[in-house]
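The next block holds one structure in the form of structure tokens; read it before the comments.
Readers should treat all values here as calculations from the given coordinates under stated rules, not as data from a laboratory. It should be emphasised that the depicted structure is a prediction, and the values quoted were computed from it without experimental measurement. Quick reminder, even Gly has a Cβ in these numbers, built from the backbone with ideal geometry, and neighbours come from all protein chains shown.
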Amino acid sequence: MKKDIVIVGASGFAQEIKWLIDRINSATPCWNFLGYINNCASDGNVIGNDDYLCNYSKELYVVIAIADTALRCRLAALFHKNGLLKFPNLIDPSVIMSEAILTGEGNIICAGSVLTVGIEIGNFCIINLDCTVGHGAVVEDFVTVNPSVSISGNARLSKGVSMGTGSQILQGRCVGENTVIGTGSVVLRDIPNDCTAVGVPTKVIKDRRK
């Protein structure tokens, strides 16, 4: 029997996640899409706002299709208060990944990505189109990996990291919590918490706490 599912968000990325659900259903029919959850938009596909989910009285599967790491974290904390809400891992049928991967809940792994062995993925992470994740890498909670990112073996992306499109992190390097790595950047050394770093090699250009 198909399970009811909604998407939080109504942006272009949320529409891509609807496409992901359709692709999963084409391979193995399992989801009954009810609509989008959004506090602002009011088109026919939006069925309610955050309060609608917080007060929902039946089991419901929820995908948080929000690329902003901090907002995704806040929404996950809010929706966890309703014990009837479940947060599935959505993995595109084209993804190549080892069975020896530890994953939490609420993760999204998009088409064309390859994940090898010994990888740990936390909760509510987004691994977007055509990414590679090497052996022993760790992706902590609420990380956003934008399209075409390369994560080398034994690298670590700490909680709340955002990796810009086409960026790379070399083997064994670590990006600190809540740090943003710019588009096309290459991480050759460890990057501290709460900053923005760009370039080849990456250099810190902003303290995000200020």
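Legend: P(r) of the chain from all alpha carbon pair distances, 10 Å bins from 0, whole percents, reading 9, 35, 34, 18, 4, 0. How tilted is helix 12-27 with respect to the longest principal axis of the chain? Cα atoms for both, answer in degrees (0 to 90, nearest 10). Between the helix axis and the principal axis of the chain, the angle is about 70 degrees.
Farthest toward the positive end of the dipole of segment 37-160, out of S98, G83, V62, is the Cα of G83, where the dipole comes from beta carbon charges about the Cα centre. Once the chain from K58 to N25 is taken as fully extended at 0.36 nm per residue, the excess over their C-alpha distance is 9.7 nm. When +1 charges are put on Lys and Arg Cβ atoms and -1 charges on Asp and Glu Cβ atoms, the dipole computed for segment 90-197 relative to its Cα centre reaches about 300 debye.
Given only helices, namely DSSP H runs of n ≥ 4 each adding -39500 (n - 2.57), what is the per-residue ellipticity at 222 nm of the chain, to the nearest 500 deg cm²/dmol?
-4500 deg cm²/dmol
Count Lys and Arg as plus one, Asp and Glu as minus one, and take only other residues whose Cβ is under 15 Å from that of P201; the net charge is then +2. Taken along its principal axes, the alpha carbon cloud of segment 3-86 reaches lengths of 32, 27, 25 Å, longest axis first. Relative contact order for the chain: 11 percent, from Cα pairs under 8 Å spaced at least 6 residues apart, divided by residue count. When only alpha carbons of segment 85-210 are considered, Rg and Dmax amount to 13.4, 42 Å. Rounding to the nearest 10 and keeping the result within 0 to 90°, find how far the Cα-based axis of helix 69-79 lies from the longest principal axis of the chain. Approximately 30 degrees, to the nearest 10.
Run through the DSSP bridge list for the chain and note the antiparallel percent, rounded to the nearest 5. So the antiparallel bridges amount to about 10 percent of the total. Gyration tensor over the Cα atoms of segment 108-156: the corresponding equivalent ellipsoid has semi-axes (square roots of 5 times the eigenvalues, largest first) of 14, 13, 8 Å.
As a rough footprinting exposure proxy, the listed residues T202, T116 were ranked by other beta carbons within 10 Å of their own, and the order from fewest upward is T116, T202. Distance check, please: which entries in K2/K81; K81/K206; K3/K81 exceed 30 angstrom between their Cα atoms? Those over the limit are K81/K206.
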